[in-house]
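Here's the structure, in structure tokens; my notes come after.
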Amino acid sequence: MAMENKKKQNQNCGCDPYLLSLVENQQQTVATKLNKSTGLLLASITGGAAIALSVVCFPFVAPALRRVVLPYVPASTQQVENVMKALSKNSTGGKKLIDLGSGDGRIVLAAGQKGFQSHGVELNTVLVLYSKLAAWKQRIKNATFSRQDLFKVDYTKYNNIVIFGVEEMMPELEALFEKTLTSSSQVIACRFPLPNWKPSHIIGEGIDTVWVYEV
């Protein structure tokens, strides 16, 4: 209907039909190019946003691609307090600590404030950088962090080993500890206990439970 009205208007104007057809064809070509350009622009924006989102999210998703998944779950305030209580009861008096899967670093930072030479290992690069920044801002010089596989750590350097693990990895960690830990060490397991070791004492309850093992 609109096309018929337009044709009638063109006829009434007294213009040359041939010239009018050329103008109309040119208008249609321009409209088609604009539609294509808009589509390409939207596709470029969508694709760029998807790539940016993938770059940001990959360090958090990547752990799921590994054989043993150690997801990032921040420790609660109560969990941190329970770990600090466990450290205060260490009969050996050792002041070197390592946190396996240190996440945002709050355990390492809290231990550093208590005078421990504390170190966190974490595979997520973003979390390692975040933890280092937090240590710098809080001026805790005896708290350090590194990107490292927890199964490739030299545990003979540490008197205190803290682990916020998942149930599936605890048997393998237990076997690793039996081979590498010295007799003056203690293991502090959070959320899940070691399957065969008997804890010397237990602190807290529920998801905040801490199992303390003396080697």
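The values are calculated or read from the model by the stated rules, or taken from the named source; none is laboratory data. The structure displayed is predicted, hence computed values, not measured ones. Calculation scope for accessible area: heavy atoms of the full protein, side chains included, ligands and nucleic acids excluded. Shrake-Rupley method; radii C 1.70, N 1.55, O 1.52, S 1.80 Å.
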Of the accessible area of the stretch 77-214, computed with a 1.4 Å probe and all protein chains kept, carbon and sulfur make up a percent value of 51 percent
My understanding is that a pair violates if its Cα-Cα distance is over 27 Å; which of K132/K152; K85/K137; K141/K198; K114/K179; K89/K137; K132/K198 do that in this structure? K141/K198; K114/K179; K89/K137; K132/K198
Segment Q113-K141, extension gain: residue separation times 0.36 nm, minus the distance between their alpha carbons: 9.1 nm
Extension length gain for S184 and S76 (0.36 nm per residue less Cα distance), in nm, is 36.1 nm
Residues whose modelled amide H sits under 5 Å from the amide H of V153, counting only those 5 or more places away in sequence or on another chain, are none
So K132 and K198, fully extended at 0.36 nm per residue minus their Cα-Cα distance, gain in nm 20.3 nm
